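**Student:** Handing you a structure now.
The values are calculated or read from the model by the stated rules, or taken from the named source; none is laboratory data. The structure presented is a predicted model; accordingly, all values stated were derived computationally and were not measured. When we count neighbours, we look across all protein chains shown, and the Cβ atoms used for this are built from the backbone with ideal geometry, even at glycine.
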Amino acid sequence: MRLERLPAAMAKRLAELECPDFKTTPWVEGPSLAERRVAIVSSAGLTVRGDRVFRGRDADYRAIPSTTGPNDLLCSHISINFDRTGFQEDWNVVFPLDRLNELAAEGAIGSVAATHYSFMGATDPVQMADGAKEVAGKLKADNVDAVLLTSV
Amino acid sequence: MSALGHYLEEEGIASVAIALIRAQAENTRPPRALCVPFELGRPIGPPSDAAFQKRVILAALGLVEAVKQASLIVDFPDDDPREALDLAWSPPSGPAPAEAFEAEMRMLAPLYAQSCTERARSTVGLSGLPPAEFGAYIAAWLRGENPASPIDGMSPLLALRFAIDDLKAYALEAAIAGGARPSSKQLGDWLWNQSACGAAIRALRERLMAGDERQQAVAAFFVPAVRLPG
């Protein structure tokens with residue numbers, strides 16, 4: 001996002017948003033991308049139709065099976081200050097499952113995870129830590145070794 | 001989002017964040033981030049552009065093959081091509097002005113009749129035409145036709161002026177049916193800002209003011225000055 005395109009107050013708030021202060025940055029190495037199993041983890045407050053919507057700044061997460069169809073993915077993010085028309089036209093703008101499946105078929109990535117996950121991005125990231133660790137365990141059980149993190 | 005990268009990576013899973021706000025990525029220092037210049041809400045970029053979306057995804061996921069470093073933050077170079085305006089797009093709209101106007105005329109008919117009964121009078125009558133006829137005449141103008149005058153001995157333009165005078169009276173009398181006592185401002189706000197009748201009159205004024213002197217002279221009587229923009 002080019003912040004200069006936003007109202008000055010909003011740009012300032014976004015640029016100066018308090019972020020967790022991580023003392024170190026972990027780094028995991030692995031095989032080439034063509035051998036990796038990829039999952040999407042979104043902070044867009046995504047939820048499968050019929051599942052619990054995010055009602056506010058919930059710190060937990062929702063699972064999104066790879067069998068989910070575009071008509072069954074909803075966005076319950078609390079913020080009204082981001083575009084939703086892109087997602088309305090094409091879910092890949094936020095949740096690029098079709099693209100990952102195509103990249104797997106083309107051999108650019110190894111495979112696509114059986115399940116993807118979403119958090120609510122407006123939540124204090126520190127509160128997401130436990131949920132993130134739980135998600136990591138589920139991803140490892142699915143042999144995922146690369147995660148595409150998408151925000152809105 | 002970049003914080004999730006820390007958490008997942010600490011658990012042994014490589015991650016790449018697609019960051020919409022570079023400053024936040026810089027502050028959180030995730031293992032890997034691709035900063036994209038796209039609008040908030042569009043992390044993968046343009047909708048319905050699979051090729052572009054794949055370039056974004058591969059630019060991001062390709063970072064898992066980079067050599068280890070403190071925090072790898074890379075910028076995606078291209079803007080979202082869908083930010084360009086589509087000049088062929090037209091917003092959804094209701095019925096054409098003439099249809100909306102005629103529908104409102106029909107909707108107002110019972111209210112106008114009720115109002116006439118309640119007040120035992122009407123101020124409609126300058127054109128000498130009943131509402132259905134002056135309504136049809138105005139609708140013909142709205143459709144861009146140049147209808148013949150429905151009034152003997154009167155030019156089409158003058159007939160339009162009186163038809164519009166009658167229309168204003170018809171609508172405003174219908175609006176006071178039922179015994180309420182709205183202020184003139186309330187009534188004016190409704191007619192000029194909310195009603196299809198008012199929109200029809202404004203549209204005809206605009207059309208005729210772009211015409212010759214005779215048309216402009218007549219159109220000057222359509223909309224009160226206090227209801228003109230600026």
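**Student:** Out of B:E173, B:E133, B:E104, I need the residue that is at pLDDT 95 or above, touching a helix residue (DSSP H, G or I) at 6+ places or on another chain (Cβ under 6 Å) and acidic (D, E). Which one? Let's see the steps before the verdict.
**Tutor:** Numbers: B:E173 fails: at pLDDT 95 or above; B:E133 fails: touching a helix residue (DSSP H, G or I) at 6+ places or on another chain (Cβ under 6 Å).
After ruling out the rest, the residue left standing is B:E104.
**Student:** Of the numbered conditions (1) part of a helix (DSSP H, G or I); (2) surrounded by 17 or more Cβ atoms within 10 Å (Cβ to Cβ), A:T123 fails exactly one; give the number of that condition.
**Tutor:** (1)
Each row is one residue, and each column tells you yes or no for (1) closer than 17 Å to B:A175 by Cα; (2) surrounded by 11 or more Cβ atoms within 10 Å (Cβ to Cβ).
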position	(1), (2)
B:V67	no, no
B:V74	no, yes
B:A84	no, no
B:P92	no, no
B:P110	yes, yes
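**Student:** On to the next question. Of all residues in region B:1-51 being free of Cβ contacts under 8 Å to residues at least 40 places away in the same chain, more than 7 Å from chain A (Cβ to nearest Cβ) and out of contact with any Phe, Trp or Tyr (no Cβ under 7 Å at 6 or more places or on another chain), which is farthest from A:V28 (Cα to Cα)?
**Tutor:** B:D49
**Student:** Just wondering, is there one or more residues in region A:58-76 that are facing chain B (nearest Cβ under 7 Å), crowded, with 16+ Cβ neighbours inside 10 Å and among the hydrophobic types (A, V, I, L, M, F, W, C)?
**Tutor:** Of the residues in region A:58-76, the ones facing chain B (nearest Cβ under 7 Å) are none.
Looking through region A:58-76, none of the residues is facing chain B (nearest Cβ under 7 Å), crowded, with 16+ Cβ neighbours inside 10 Å and among the hydrophobic types (A, V, I, L, M, F, W, C).
**Student:** Which condition number in (1) touching a residue at least 60 places away in the same chain (Cβ under 8 Å); (2) at the interface with chain B (Cβ under 7 Å from one of its Cβ atoms); (3) surrounded by fewer than 23 Cβ atoms within 10 Å (Cβ to Cβ); (4) among the hydrophobic types (A, V, I, L, M, F, W, C) is the one that A:A129 fails?
**Tutor:** (1)
**Student:** Would you please name the residue that is surrounded by the fewest Cβ atoms within 10 Å (Cβ to Cβ), looking only at residues in region A:19-55 that are under 26 Å from B:R29 (Cβ atoms), without any contact (Cβ under 8 Å) to a residue 24 or more places away in the chain and more than 7 Å from chain B (Cβ to nearest Cβ)?
**Tutor:** Checking each candidate, the answer is A:K23.
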